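Since every read-out is calculated from the coordinates, none of them should be taken as a lab result. Fair warning: this is a prediction, and the values are worked out from it, not measured in the lab. Here the Cβ positions follow ideal geometry from the backbone for every residue, glycine too, while neighbour counts run over all protein chains shown.
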Amino acid sequence: MPALALGGCANLVRENTYGLTPTDAAFVQQTCTQTMGLRKGLGEYDACAQSLSDTVHRRIEEQRLDESHRACERQGYAPGSAQLAQCVVLAEKAEGNAHDAAILSLTSAPTTTRISFFSMDRHVQDQHEKLACAQLGLDPITSDFSDCVIGIKQAIFTAQNPLL
């Protein structure tokens, strides 16, 4: 009987999806392993995956708000008006999380590196951090891209220096 109980518990352990669809979570995880050169089980890997998934969540939210904004403008609300802003807030609230997966789908294969992140010199690490953010479809000339790169750097630094 104890063996059955243990077997049942093993099925409860799930891979962390970071609040993403399983497909998008797998993409983020592949980006951390293949593009960044990090191994699962390391704090830096978890920091990378969490940082990239946070960026994906921000992109989903921005796209949802943009969609709601365009829908409210099509209803005739004037740009910059309080009525437009209220419509966007109410439309976004009504939509909730129902269509997150349909808004953003990460499908291209991550860039692959053959060396560990820890074997790279700082310049190469910087390049791979940028590649990881580019992998999410962020344009390097945008502040979202810069925020993503800074987020990865900070997350990895915190994972390496938890007491600071």
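So the values come out like this:
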{"quantity": "Low-density loop cleavage sites - trypsin sites (Lys or Arg not before Pro) in segment 103-164, where at most 13 other Cβ are within 10 Å (DSSP)", "calculated": "Arg114"}
{"quantity": "Protection proxy ranking of 31-37, 55-61 - average other beta-carbon atoms within 10 Å, highest first", "calculated": "31-37, 55-61"}
{"quantity": "Förster radius 35 Å - calculated FRET efficiency between Glu73 and Thr17 (Cβ-Cβ, nearest 0.05)", "calculated": "0.55"}
{"quantity": "Extension reserve of the Asp126-Ser146 stretch, reckoned as 0.36 nm per residue once the Cα distance is removed", "calculated": "6.0 nm"}
{"quantity": "Backbone HN-Hα couplings from phi across segment 131-148 [Karplus 6.51/-1.76/1.60, Hz, Gly and Pro as x]", "calculated": "4, 4, 6, 4, 4, 7, x, 7, 7, x, 8, 9, 5, 4, 5, 4, 4, 5"}
